[in-house]
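Below is one structure; the comments refer to it alone.
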Amino acid sequence: MALLELRDLKTFFKSSRGLIKAVNGASYEVEAGRTLGVVGESGSGKSVSALSILHLLDSNGYIADGQIIFDGRDITHLPLSEMYKLRGNDISMIFQEPMTSLNPVFS
């Protein structure tokens, strides 16, 4: 069973230029104890996919469709109060600038 599964995730942003389809149908799964590397060109939706999982999108961004299943639970539209309980304890993200996210003093 997958620890994390994205099923046809679609994350869009509203802008003055219209709708931006930043992630348009991403699907993958990660088993517990395994590592997944997501690669792609700049602007291909890698970071937006991760931000969608954690519900950290800007106010103009939203999950338009698809599912995010974490530990057997659909967290796609989980209330923010419930996401606070998951973030940092059960699921987290190391941002692109690791030196601003990680403290080398701690193991």
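Answer yes or no as to whether Thr11 is in contact with a Ser or Thr (Cβ under 6 Å, 6 or more places away or on another chain) and among the polar types (S, T, N, Q). Judged against the criteria, Thr11 is a match. Consider the stretch 52-84 and keep the residues that are in contact (Cβ under 8 Å) with a residue 40 or more places away in the chain and touching a Gly at 6+ places or on another chain (Cβ under 9 Å). The one that is surrounded by the most Cβ atoms within 10 Å (Cβ to Cβ) is Ser52. Scanning the stretch 1-43 for residues that are among the hydroxyl-bearing types (Ser, Thr, Tyr) and surrounded by 13 or more Cβ atoms within 10 Å (Cβ to Cβ) yields Thr11, Tyr28. Screening Lys14, Lys46, Lys21 for residues that are modelled with pLDDT under 95 and among the basic types (Lys, Arg) leaves exactly one candidate, Lys46.
Condition check ((1) in contact with a strand residue (DSSP E or B) (Cβ under 8 Å, 6 or more places away or on another chain); (2) not basic (Lys, Arg)) across all residues:
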position	(1), (2)
Ala22	yes, yes
Ser47	no, yes
Ile53	yes, yes
Asp58	yes, yes
Ile69	yes, yes
Arg73	no, no
Arg87	no, no
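The values are calculated or read from the model by the stated rules, or taken from the named source; none is laboratory data. Since this is a predicted model, take the numbers as computed values, not measurements. All Cβ positions, even for glycine, are placed from backbone atoms using ideal geometry, and neighbour counts span all protein chains on display.
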